[in-house]
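Presented below is the structure to which this report refers.
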Amino acid sequence: MRKIILLITCMFGVSVFSQIKVLKNESLVEIGKDNSVGLYKKEDKFTINYQDLNTSNLNTIRSFSFQNMDGDVSGLYKLIMDGFTTTPDENIILELPNDIIELHYEKNYGQPTVQFIQYINKNRKYVGKSQFLNKKQVEKVFGRVNGKYAMYEKPATINHINGTKAGSSQASTAAPSSNGNSKNKKSKK
């Protein structure tokens, strides 16, 4: 009897004082990368990471994120590529939920290039600048070289439920969840 009480006490003590929780591991998918600039996808959120050249510490990595609503990733890619053919007179200013991004075009060695200028938290005091990217580098970052640009519209899940392919976001989320629920109900009976 003493052993049972001691065992229960020990098990209760461990469960009460546990501070570590296991969190869901969400996959981060790399769309494309060139040198210190990369585009990543996590669910329907896209993030551009870059090495900040505006700081004295060259190990500073900054990022800005946005949702792919109404094809925003494709729109950003098209906007950048259009700037290579017709160089704008001034910086193109984009407002994101948390930051302001400027696309700064400049010719380097006779070749048009673009640079991301980030006003962190929409504050003009905190500025991050990426390296200059030429047209080929932008294509690489946006996954046009490796074919990963097809992931713009697809969910970032690697394992598909019930072996179905994710064609559109509505079909991939609606059908597997209802099938999964009915199978769970049948297996519980």
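The values are calculated or read from the model by the stated rules, or taken from the named source; none is laboratory data. Fair warning: this is a prediction, and the values are worked out from it, not measured in the lab. Neighbour counts run over all protein chains shown; Cβ positions are idealised from the backbone, glycine included. Just the protein is used for accessible areas: all its heavy atoms, side chains included, with ligands, DNA and RNA removed. Shrake-Rupley method; radii C 1.70, N 1.55, O 1.52, S 1.80 Å.
Within the stretch 51-76, how many residues are closer than 24 Å to Tyr149 by Cα and either open to solvent by less than 30 Å² (accessible area, probe 1.4 Å) or not in a helix (DSSP H, G or I) (or both)? Quick ask: steps written out before the conclusion?
Residues of the stretch 51-76 that are closer than 24 Å to Tyr149 by Cα, as a first pass: 51, 61-76.
Within this subset, residues satisfying the condition of being either open to solvent by less than 30 Å² (accessible area, probe 1.4 Å) or not in a helix (DSSP H, G or I) (or both) are 51, 61-71, 73, 76.
Summing the residues that are closer than 24 Å to Tyr149 by Cα and either open to solvent by less than 30 Å² (accessible area, probe 1.4 Å) or not in a helix (DSSP H, G or I) (or both) in the stretch 51-76 gives 14.
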field: Residue within the stretch 77-89 that is part of a loop (DSSP other than H, G, I, E, B), farther than 15 Å from Val138 by Cβ and under 20 Å from the mean Cα position of the chain (by Cα) present
entry: no
Candidate set: the stretch 91-119, residues that are under 17 Å from the mean Cα position of the chain (by Cα) and outside any strand (DSSP E or B); chosen: the one nearest to Leu79 (Cα to Cα): Leu96
- prompt: So which residues in the stretch 77-91 are open to solvent by less than 40 Å² (accessible area, probe 1.4 Å) and hydrophobic (A, V, I, L, M, F, W, C), if there are any at all?
  reply: Ile80, Met81, Phe84
field: Contacts under 6 angstrom Cβ, first residue in the stretch 73-98 being in contact (Cβ under 8 Å) with a residue 24 or more places away in the chain, partner open to solvent by 60 Å² or more (accessible area, probe 1.4 Å) and not in a loop (DSSP other than H, G, I, E, B), 6 or more apart
entry: Phe84/Lys135
query: Out of curiosity, is Gly143 modelled with pLDDT under 50 and not hydrophobic (A, V, I, L, M, F, W, C)?
result: no
field: Members of the stretch 19-48 that are modelled with pLDDT of 90 or more and open to solvent by less than 50 Å² (accessible area, probe 1.4 Å)
entry: Ile31, Gly32, Asp34, Ser36, Val37, Gly38, Leu39, Tyr40, Lys41, Phe46, Thr47, Ile48
